[in-house]
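Inspection log for the structure reproduced underneath, given as structure tokens.
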Amino acid sequence: MGRRQDSYDRRNRWLWIGLAAPGAIWLLVLFVAPFYVMLSVAGGSVNALFQTASPIWNPLQWSSANLTVVWNDIVGSGSFIGPPALRTLLFAAVATAISVAIAFPVAYFVSRYAGRRKSLFLVLLIAPFWISYMMRMLAWIDLLQQGGFFNSALSFFGLSGNTDWLGGKSVTVIMGLVYGYIPYLILVLYAGLDRIDQSLLEAARDLGLSKARTFWRVTIPLSKPTLVAGVFITALPMLGDYFTNQLLSAAPGTTMIGNAIEGQLNSPGETGQGAVLALMLLAVLLIPMIYYVVSTARTSKEFA
């Protein structure tokens, strides 16, 4: 009996190893290996002749020269990384707040009042994912250019229709971020709101709460974990975004930290510094991610 159980356990172990192997290989090839290459470039040197990165693969030989340069760029007398970093935080915070203000009512309506048309609304919400991010931003360029639809609409209503929305305006970049990432937030909020037990809402109404108080006292607290998850899913990509500003503004006054990293990676002799700055951004983004994982695990234990 013992041998048969050991054989059964061994077969199960190999089964789970086989099922996990494709995902582990995928993670190794597309995350671990590129991450190690980035570390090697950050700790490497520069080819003096071609001004290209010369990665050092031995961790014991990594240099801190690029780290020192980037640190001086952040806090030194001639620092230029600070303003884009603060601007990125501001843009991401404002864009996330606007996204929540738009996404929550939409997700709430679809989950509670869409009825038989819920599938249709879900298809419409998912539709933006069928179009590439670049194409959606190019559509915004057509709408916001001086002779575009938006200025034409403003002129029709007697307002200023000659505004150069693509000439380095912060509001254009923020609205571009909202438009680019709000579908993620809507879907996450919808999934959470749709799972709320209707009997809890009915019990609150039976106890005398109005619809408004039921919403604030029951729906909002129950949707808080989903809202936090949606905010993280939306805000974290915004912090590393560089493409939106590059397409809709490309002005020094709206430069984000992603643009600074992209500029260093494409500048001769500064690839290692760009890699260091990217690793620093990753380290900063890991802090809220770890907080979310820990807080979610703690909440799960409390309700277990």
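Data for the structure
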item	result
Positive-end residue, the chain charge dipole about Cα centroid, Cβ charges, pick of Thr96, Gly168, Ala139	Thr96
Among (i) 88, 76, 35; (ii) 64, 46, 33; (iii) 56, 41, 35, the entry that matches Cα extents along the principal axes in Å as calculated here	(i)
Alpha-carbon centroids, segment 19-97 and segment 108-186: separation in whole Å	32 Å
Extension gain, Phe156 back to Asp194 (0.36 nm per residue minus Cα-Cα distance, nm)	9.6 nm
Of Ser223, Gly192, Tyr181, farthest towards positive along the dipole that unit charges on Lys, Arg, Asp, Glu beta carbons give segment 169-223	Tyr181
Net lengthening on full extension, Trp57/Gln145 (0.36 nm per residue, minus Cα-Cα)	26.9 nm
Three-way shape label, segment 233-287, alpha-carbon gyration tensor, a/c 1.5	oblate
Probe 1.4 Å, accessible area per residue of segment 198-304, Å²	56 Å²
Radius of gyration and maximum dimension Dmax of segment 1-134, Cα, Å	25.8, 74
Carbon + sulfur, % of accessible area of segment 126-271 - ligands and nucleic acids excluded, 1.4 Å	64 percent
Cα gyration tensor, segment 162-206 - rounded (a/c under 1.5), prolate or oblate	prolate
Solvent-accessible area per residue for segment 58-184 (1.4 angstrom probe, square angstrom)	59 Å²
Residue order for Trp140, Trp62, Trp71 - accessible surface, 1.4 angstrom probe, largest first	Trp71, Trp62, Trp140
Cα gyration tensor category, rounded, prolate or oblate, for segment 159-304 with a/c compared to 1.5	oblate
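The values are calculated or read from the model by the stated rules, or taken from the named source; none is laboratory data. Computed from a prediction, not measured in an experiment: that's the story for all the values here. All Cβ positions, glycine included, derive from the backbone under ideal geometry; neighbour counts span all protein chains shown. Each accessible area value is taken on the protein alone, full model and side chains, heavy atoms only, with ligands, DNA and RNA left out. Shrake-Rupley method; radii C 1.70, N 1.55, O 1.52, S 1.80 Å.
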